[in-house]
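To start, the structure under review is shown below, and the notes come after it.
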Amino acid sequence: MTSEGVQPTGNPGRTGAGPAVNSYTEWDPLREVVVGSLLGAVFPTWQESMKHTMPPSAWPVFRERGGSPLPERHLKAAEAELDNLAEVLESEGVRVRRPDTARHHRPIRTPEWESDGGLYAAMPRDSLMVVGDAIVEAPMSWRCRLHESDAFRPLIKSYFRRGARWLPAPRPQLTDDLYQDVGDSGPWAVSEFEPVFDAADFLRFGRDLVVQRSHVTNAFGIDWLRSALGPDFSVHVVETDDPHAMHIDATITPLAPGKLLVNPERYVHSELFDGWEILPAPSPALPADWPMYFCSPWVSMNVLSLDPGTVVVERQERPLIEALTAWGFRCVEVDFRHVYSFGGSFHCVTLDTVREGGPGRYLSVPGR
Ligand code: DAV
């Protein structure tokens, strides 16, 4: 496990060892992955747009404790789970990279606004996206997350030096113009003032990407990504039934070509998945009183594919493990409930930088 240093000279292109970054799908055999870290994590600084996505029980905590450390005991247990995930992935033959430990408690100031602190480097899936040989840095709409990808910059620079393409989105201004009341101007908390998205609202299917609109992803952001990726990729907006939408990866989880795990409360069938087998995920096994500051218990289905026959699943999600096993998958069971509390599971906390395989076409795209 290393956080690689930066070499002094320019982008030398690909070396003989194969592309430094190569990942086109959510399921091709995984060779290298970034696993996030909760070290130094703090509570997010409250902004009104959060109330559309964050559990109401967390609002007062965020309002009062933005920029101050997450509860220490729970945080330590969660970081141990992340370290253990890294070890399990290595034992499965996957190279693991970790981010720098950033100082998330420091305030963020721009000419227009201030935030009491940052957040964490736990969820690289939110701020970064690998599409083929490119790493995209997302323009995230929470002010406290403006600098979140900085913790991954040593890795990004190292990948770039070794031939990856680096696509940082236009830096968002995140002024008040971006935020709107839901209902007044539309169903979402972000306007079309400037491009914003979280990378976790997208899923990769070879030459096709699927995205949901959400309280952190606007049409302008989707258009920017389309333009940045160019004509080799198509980006399809799918409908989901989720008034609290923020990140698609507890709603739709592709596990292999033709195999889709879906959230039965949120999935709306799209003709893109015509011909796919669809498994509604069993209800999450998490007890109702488990502390969840950032997300719903449906992160149970936020699994990580190691290859088209293998998934990493939370050890206590027995109904899901049984359903996936019956569907022909090998389940690698890992304890992860303490991480759940801070906003995600195996898909959220990882960024798959190298998977085998190249671009394919897997979706049923009308007219193609
Ligand atoms: O609350 O179901 C979880 C996704 C986090 N990246 C939810 C969304």
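The values are calculated or read from the model by the stated rules, or taken from the named source; none is laboratory data. All of these numbers come straight from a predicted model, not from anything done at the bench. Glycine gets a Cβ as well: all are built from the backbone with ideal geometry, and neighbour counts include every protein chain shown. All accessible areas refer to the heavy atoms of the entire protein, side chains included, with ligands and DNA or RNA removed. Shrake-Rupley method; radii C 1.70, N 1.55, O 1.52, S 1.80 Å.
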#### Entry: Hydrodynamic radius of the range 36-120 per Kirkwood, over alpha carbon pairs, in Å
14.5 Å
### Message
What number does the range 189-234 give for Rg over Rh if you use C-alpha atoms and the Kirkwood radius?
### Response
0.96
### Message
Rounded to the nearest percent, how much of the accessible area of the chain (1.4 Å probe, protein heavy atoms only) is carbon and sulfur?
### Response
50 percent
### Query
What whole number of Å gives the distance from the Cα centroid of the range 97-155 to the Cα centroid of the range 198-258?
19 Å
#### Entry: Average silhouette area of the range 167-322, convex hull of alpha-carbon atoms, in square nanometres
10.8 nm²
### Query
What does the convex hull of the Cα atoms come to per residue for the range 226-267, in Å³?
103 Å³
### Query
Which listed residue (PRO287, VAL211, VAL34) has the Cα farthest towards the positive end of the charge dipole for the chain, taking +1 on Lys and Arg C-beta and -1 on Asp and Glu C-beta about the Cα centre?
VAL34
### Query
Per residue, what accessible area does the chain have, given a 1.4 Å probe and all protein chains present, in Å²?
39 Å²
## Note on the structure
In whole Hz, the Karplus estimates of ³J(HN,Hα) for the range 337-349 (6.51, -1.76, 1.60; θ = phi - 60°; x where Gly or Pro) are 5, 5, 5, 2, 4, 9, x, x, 10, 4, 6, 4, 7
### Message
What aspartates and glutamates does LYS51 reach when the alpha-carbon gap must be under 13 Å and sequence neighbours fewer than 8 apart in one chain are set aside?
### Response
ASP181
### Query
Given a Förster radius of 41 Å and the C-beta distance between ARG315 and THR175 as r, what FRET efficiency does 1/(1 + (r/R0)^6) yield to the nearest 0.05?
0.40
#### Entry: Kirkwood hydrodynamic radius over Cα pairs of the chain, then Stokes diffusion coefficient at 37 °C and 0.692 mPa s, in µm²/s
160 µm²/s
### Message
Taking the Cα of HIS74, stepping 7 Å toward and past its beta carbon, and measuring to each backbone N in the range 305-347: which are under 11 Å?
### Response
338-343
### Area accessible to solvent at TYR24, 1.4 Å probe radius, in Å²
40 Å²
### Query
Taking 0.36 nm per residue of separation and subtracting the Cα-Cα distance, what length does fully extending TRP166 through ALA285 add?
38.9 nm
### Message
Filter the chain for me: DSSP H helices, axial length by Cα at least 18 angstrom, mean Kyte-Doolittle hydropathy not below 1.6. List them by residue number.
### Response
none
## Note on the structure
Sorted by chain and then number, the residues having a modelled amide H within less than 5 Å of the amide H of ASP208, at least 5 places away or on another chain, are SER234, TYR362
### Task
Would you check the accessible area of ARG318, probe 1.4 Å, heavy atoms only, in square angstrom rounded to 10?
100 Å²
